[in-house]
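Have a look at the structure below, then the notes.
What follows is calculated from the coordinates using simple rules that are stated; it is not laboratory data. Keep in mind the model is a prediction, meaning the values are calculated, not measured. Ideal geometry is used to build each Cβ from the backbone, glycine not excepted, and the neighbour counts take in all protein chains shown.
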Ligand code: ADP
Ligand code: MG
């Protein structure tokens, strides 16, 4: 990546919009010089009174420090000039390699059903990317289908490091618990902890795994309270023998009800192999210190017994699919 002065966005020809999230729009674009197809993510500057948003600085800094085949590659930063006449402040874009799909868009295709070797292949790549981030003391903090990008060679990459942060130097500092999209948020964050580590991403990875197996999101809560309720009905209520620290968490007394639910994971996943069930169990462990790490998950029987994971290049090729477009298409059908 070039450093110093950044190039102009005019080096790229914008094609269609492929994403719209919390922090900005994403476009497909073509390089005027090389013809290469890229993704341009606009840095949202709306509420910035004082220059460049700190969240974008953090995202860029982290992306620049990472280099792995299962992590999205930031190619460069480009800018558009400010126009004094129409009060346009000028924009900043991150330029990424273009990826044909995100996992949510792919899974939502009509009639889509992933085979077991295919699920193993995606999960193995997700865990390899997470292992790399965690080894480098980066917490992603927003693992979910629309942030997992897949190209037409079947390579899966972690993307959207907008909420990510380094956890090494800050180990004694408190961290915010208002991260991770609700359905993928682990119990310790919902119960208000401000001290946490890589295990938060492992819970989200477990939710993705369970979703790939069952073909639908496993814990679709509408609010924090319902999220915990659904979670305890599936994973059982937290008990001090398994998770002694739970009682010390800020919101435990308000949110952990008197009614005790039994754990139902074995039952819900009974039609899957023993090794698949055992891995779901290890991801969806309420106590974060007992939850499986990315490294141990990669070593689990699930990935080493028949049917073994297929290779990325053997995966079927699909027409491009992004969550933004499937959502838009659905809105048109509903009209
Ligand atoms: P946000 O913070 O807005 O969620 P993301 O980085 O997740 O930002 O981008 C939003 C969406 O745009 C993604 O879910 C994905 O569908 C699409 N997208 C992002 N980066 C790329 C890329 N490099 N290639 C193709 N599509 C992308
Ligand atoms: Mg996103």
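Numbers at a glance
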| quantity | calculated |
| --- | --- |
| Additional length obtainable on full extension of the chain from residue 79 to residue 135, 0.36 nm per residue less Cα span | 16.9 nm |
| Gaussian network model of the chain, springs between alpha carbon atoms under 10 Å - residue of 92, 54, 138 with greatest fluctuation | 54 |
| Value at 222 nm in deg cm²/dmol, rounded to 500, when DSSP H runs of n ≥ 4 in the chain each add -39,500 (n - 2.57) | -9000 deg cm²/dmol |
| Fully extended contour minus Cα-Cα distance, from residue 290 to residue 258, at 0.36 nm per residue | 9.1 nm |
| Value of relative contact order over the chain, rounded to a whole percent, pairs C-alpha under 8 Å and six or more apart | 19 percent |
| Two-site label geometry, residue 327 and residue 194: point separation in nm, points 7 Å out along Cα→Cβ | 3.1 nm |
| Globularity index of the chain, i.e. its alpha-carbon radius of gyration over 2.2 N^0.38 Å | 1.04 |
| Backbone N within segment 279-315 under 12 Å of label point (7 Å from residue 273 Cα along the Cβ vector) | 279, 300-310 |
| Highest-MSF residue in the chain out of 195, 232, 96 [GNM, Cα springs under 10 Å] | 195 |
| Relative packing of 55-64, 266-275, which averages over residues the other C-beta atoms within 10 Å, highest first | 55-64, 266-275 |
| Contour excess over end-to-end distance, with Cα ends at residue 176 and residue 17 and 0.36 nm allotted per residue | 54.1 nm |
